[in-house]
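**Student:** Have a look at the structure that comes next, please.
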Amino acid sequence: MGAGHDRGQYGSTSAARKLRSTDFAKMKTLRSALVWSVPCTAVISLAIAVAQTSAQKPQSGAEVKESAPSPKLYPSDLIQNGRSLFRQDCSFCHGRDAGGGESGPDLTRSKLVAADVDGDKIGPVIRNGRPDKGMPPFDRSDAQIASLVAFIHTQRNNAMVAGSRNRNGGRRGVEASDLQTGNAAAGKQYFEGAGGCATCHSPNGDLAGIASRYRGLELEEQMLYPRRPKSKVMVTMPSGQVIDGTLAYLDEFTVGLTDASGVYRSWRTRDVHYKVDSPVDAHVDLFSRYSDADIHNLMAYLQTLR
């Protein structure tokens with residue numbers, strides 16, 4: 001209640017009777033001290049002024065509540081464009097509604113999104129990606145970034161209004177339909193051609209039955225950024241002998257491998273030449289070359305390998 005309203009209360013005779021006991025105590029003290037030297041009307045006026053001052057002073061620890069700014073509204077066509085682009089590029093991690101998936105965070109509760117102003121935070125993340133977390137960069141125009149920003153912020157606003165949807169911090173998850181948007185035939189063509197996947201992988205070899213081992217989002221993650229892949233290493237001895245195997249250890253002083261017979265062998269890095277073949281590197285290199293269609297088509301093809 002504002003101070004102006006309080007003054008109106010204490011200015012009336014009926015409201016003055018409702019003064020707190022502490023205010024009456026102040027009045028009695030003042031009257032005792034001044035009754036023989038100050039006219040009674042002056043004492044009453046002074047007492048009421050003291051009561052008003054006490055009423056205006058904020059209580060200890062009281063919080064001043066400020067009204068939250070109204071959320072920014074976006075044109076419906078911009079939101080719709082952002083929704084289509086988001087579901088094409090982002091739904092496999094963040095869910096169709098930006099509410100989070102099995103791996104991607106809930107963007108409606110994201111601190112980065114909350115701090116974003118017209119895409120100044122969201123835009124760089126989209127364009128640069130976060131490879132350390134399995135998020136590839138996306139080459140998007142300013143208009144596309146603006147549409148994604150409009151959709152994400154609108155979803156956040158809706159979630160804040162709904163309130164209860166995210167109260168328990170749960171994530172909706174990614175539905176199978178989120179990942180079934182590509183063309184398997186085109187994906188196979190990309191796998192065998194422009195993608196260069198066939199140089200390292202075989203649908204009848206290491207990828208045989210992969211769609212049975214990994215499903216849905218897990219399969220997409222494995223395709224984009226494989227977890228715990230085994231790197232190969234080729235070590236060349238001073239004599240020219242070449243020994244290869246699975247990389248088991250590497251730092252600036254030592255390189256170690258496990259050969260085909262399962263035996264661990266190591267050398268000082270200064271004594272040999274070695275070359276590491278990391279499968280993750282090839283997948284990371286593809287981030288800058290993937291188109292939206294490439295990702296969805298390749299995913300559709302991999303889903304046929306059961």
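**Student:** Can you work out which of the residues in region 270-304 that are assigned to a helix (DSSP H, G or I) and small (Gly, Ala, Ser) is farthest from Arg213 (Cα to Cα)?
**Tutor:** So, considering only residues that are assigned to a helix (DSSP H, G or I) and small (Gly, Ala, Ser), the one farthest from Arg213 (Cα to Cα) is Ala293.
**Student:** Out of Asp178, Asp206, which single residue is among the charged types (D, E, K, R) and at pLDDT 75 or above?
**Tutor:** Answer to the selection: Asp206.
**Student:** I'd like the residue in region 55-101 that is modelled with pLDDT under 60 and not in a loop (DSSP other than H, G, I, E, B) and, out of all such residues, is surrounded by the most Cβ atoms within 10 Å (Cβ to Cβ).
**Tutor:** So the residue we want is Ala55.
**Student:** Restricting to region 195-227, name every residue that is closer than 30 Å to Asp271 by Cβ and either in contact with a Gly (Cβ under 6 Å, 6 or more places away or on another chain) or in the same structural domain as Thr269 (by TED's automatic domain parsing) (or both).
**Tutor:** Hits for region 195-227: nothing passes.
**Student:** Let me ask another. Could you check region 139-157 and list, in sequence order, the residues that are of a type outside the set (A, V, I, L, M) and within 16 Å of the chain's Cα centre (by Cα)?
**Tutor:** Those that are of a type outside the set (A, V, I, L, M) and within 16 Å of the chain's Cα centre (by Cα): Phe151, His153, Thr154, Gln155, Arg156, Asn157.
**Student:** Looking at (1) free of Cβ contacts under 8 Å to residues at least 24 places away in the same chain; (2) farther than 17 Å from Cys200 by Cα, which one does Arg227 not meet, given that it meets all the others?
**Tutor:** (2)
**Student:** Kindly list the number of the only condition in (1) surrounded by fewer than 15 Cβ atoms within 10 Å (Cβ to Cβ); (2) modelled with pLDDT of 75 or more that fails for Ala211.
**Tutor:** Of (1) surrounded by fewer than 15 Cβ atoms within 10 Å (Cβ to Cβ); (2) modelled with pLDDT of 75 or more, only one is false for Ala211: (1).
**Student:** When you scan region 221-279, how many residues do you find that are under 30 Å from Met135 (Cβ atoms), in contact with a helix residue (DSSP H, G or I) (Cβ under 8 Å, 6 or more places away or on another chain) and among the aromatic types (Phe, Trp, Tyr)?
**Tutor:** Number of matching residues: 1.
**Student:** Also, quick follow-up: Ala208 fails exactly one of the following numbered conditions: (1) hydrophobic (A, V, I, L, M, F, W, C); (2) part of a strand (DSSP E or B); (3) within 36 Å of the chain's Cα centre (by Cα). What is the number of that condition?
**Tutor:** (2)
**Student:** Oh, and also: Restricting the search to region 211-224, which residues are in contact (Cβ under 8 Å) with a residue 60 or more places away in the chain and either in a loop (DSSP other than H, G, I, E, B) or touching an Asp or Glu at 6+ places or on another chain (Cβ under 7 Å) (or both)?
**Tutor:** If the condition is that a residue be in contact (Cβ under 8 Å) with a residue 60 or more places away in the chain and either in a loop (DSSP other than H, G, I, E, B) or touching an Asp or Glu at 6+ places or on another chain (Cβ under 7 Å) (or both), then Leu217 is the only one that fits.
**Student:** What are the residue pairs meeting all of these: first residue in region 115-132, first residue under 17 Å from Pro105 (Cα atoms), second residue aromatic (Phe, Trp, Tyr), Cβ atoms under 9 Å, and 6 or more apart or on different chains?
**Tutor:** What qualifies is Ile126/Phe138; Gly129/Phe138; Gly129/Phe287; Pro131/Tyr225; Pro131/Phe287.
**Student:** Of all residues in region 236-269 being within 30 Å of Ile210 (Cβ to Cβ) and either of a type in the set (D, E, K, R) or touching a residue at least 24 places away in the same chain (Cβ under 8 Å) (or both), which is surrounded by the most Cβ atoms within 10 Å (Cβ to Cβ)?
**Tutor:** Taking the candidates together, the pick is Leu257.
The values are calculated or read from the model by the stated rules, or taken from the named source; none is laboratory data. Source: prediction; values computed, not measured. Every residue, glycine among them, receives a Cβ derived from its backbone with ideal geometry; neighbour counts consider all protein chains shown.
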